[in-house]
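**Q** Below is the structure I would like to discuss, written out as structure tokens.
The values are calculated or read from the model by the stated rules, or taken from the named source; none is laboratory data. The structure presented is a predicted model; accordingly, all values stated were derived computationally and were not measured. Heads up, the Cβs are rebuilt from the backbone with ideal geometry, glycines too, and the neighbour counts pull from every protein chain shown. Protein only, heavy atoms only, side chains kept; ligands, DNA and RNA dropped before computing areas. Shrake-Rupley method; radii C 1.70, N 1.55, O 1.52, S 1.80 Å.
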Amino acid sequence: MEFFKWFDLPIMIVPDLNILKQRFLAKSKLYHPDKFTLSSEEEKTKALELSGFNNQAYKILSDTDSRINYILNEFGLLKENKAVMPDDFLMKMMSFNEAISDLDENPASLDALIAELEEWEKELKSELDYCSSLFPVTPENSESLKSYYLKRQYYLRIKDNLFKFTDPKN
């Protein structure tokens with residue numbers, strides 16, 4: 001968990017973003033390449049590497065989906081990619097996809113689909129709230145986080161498909 005360590009933060013789902021930003025800015029000042037113009041090539045290279053690392057760490061930790069993906073990857077929970085999703089969830093996905101496909105024949109169902117998607121978003125928010133209570137996040141207690149993350153990825157794909165399908169420019 002190098003990124004959390006870099007900013008001296010505990011491994012958590014929802015860190016204090018103000019503290020994260022403060023620490024990012026402090027390290028940005030410390031390792032900004034312009035401060036090393038008169039330094040040796042080795043020091044310039046090191047400063048550039050640290051500045052890049054700082055930017056990457058901040059970018060990932062400041063975004064919820066990226067942060068969760070990072071945590072799960074660091075714990076090795078996304079490597080196998082053999083996630084077993086519950087049957088009821090998979091049926092829900094199939095149902096959504098079929099309903100999106102049927103929008104040409106039944107455009108009146110769009111509002112109901114959007115409402116169902118909004119309801120699903122609330123359920124996911126509730127799951128994220130539960131996962132956020134896991135502290136500190138460890139490989140042992142992160143299975144619910146993995147489940148949330150995979151469901152969220154499905155949700156985002158379906159939401160994207162729905163709005164691509166309904167966008168008249170597509």
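**Q** Can you tell me the dipole magnitude for the chain around its Cα centre, using point charges on the Cβ only (Lys, Arg +1; Asp, Glu -1), in Debye to the nearest 20?
**A** On the way: 22 positive and 30 negative charges, 184 e Å.
For this selection, approximately 880 debye.
**Q** Would you look at the GNM of the chain, springs on alpha carbons closer than 10 Å, and say which of Pro15, Pro139, Pro86 moves the most?
**A** Pro86
**Q** Within the chain, which is the longest segment that contains none of the trypsin sites (Lys or Arg not before Pro) sitting in a DSSP loop with at most 10 other Cβ atoms within 10 Å?
**A** Details: sites that count: Lys79, Lys82, Lys169.
Free of exposed loop sites, the longest segment is 83-168.
**Q** Please name which of Pro139, Val84, Leu110 has its Cα lying farthest along the dipole of the range 49-163 towards the positive end, using unit charges on Cβ (Lys, Arg +1; Asp, Glu -1) and the Cα centre as origin.
**A** Sorting the options by dipole projection puts first Pro139.
**Q** While we're looking at this one, here's another question. Taking the Cα centre of the range 1-80 as the origin and placing charges on Cβ (Lys, Arg +1; Asp, Glu -1), which of Pro33, Ile13, Leu72 is farthest toward the positive end of the dipole?
**A** Selected residue: Pro33.
**Q** So, one more: Which links in Lys79/Lys125; Lys29/Lys159; Lys46/Lys125; Lys5/Lys151; Lys29/Lys122; Lys29/Lys151 stretch past 30 Å when you go from one Cα to the other? Please list the in-between numbers first.
**A** Details: Lys79/Lys125 25 Å; Lys29/Lys159 40 Å; Lys46/Lys125 41 Å; Lys5/Lys151 28 Å; Lys29/Lys122 40 Å; Lys29/Lys151 39 Å.
Distance filter (> 30 Å) returns Lys29/Lys159; Lys46/Lys125; Lys29/Lys122; Lys29/Lys151.
**Q** Tell me, what is the percent relative contact order of the range 1-156, built from C-alpha pairs under 8 Å that lie six or more residues apart? Walk me through the numbers before you get to the answer.
**A** Working: 99 pairs, mean separation 44.5, N = 156.
After rounding, I find 29 percent.
**Q** Another one. Obtain the nm distance between the two label points defined at Asn55 and Leu17 by a simple spin-label model: each point lies 7 Å from its Cα along the Cα-to-C-beta direction.
**A** With each label point 7 Å from Cα toward Cβ, the separation is 2.1 nm.
**Q** Moving on. So how much slack lies between Asp160 and Leu110, counting 0.36 nm per residue of separation and subtracting their Cα-Cα distance, in nm? Present the calculation step by step, with values, prior to reporting the outcome.
**A** Numbers: separation 50, 0.36 × 50 = 18.00 nm, distance 1.39 nm.
16.6 nm is the gain from fully extending Asp160 to Leu110.
**Q** Got a number for the accessible area of Glu143? Probe 1.4 Å, square angstrom, nearest 10.
**A** 100
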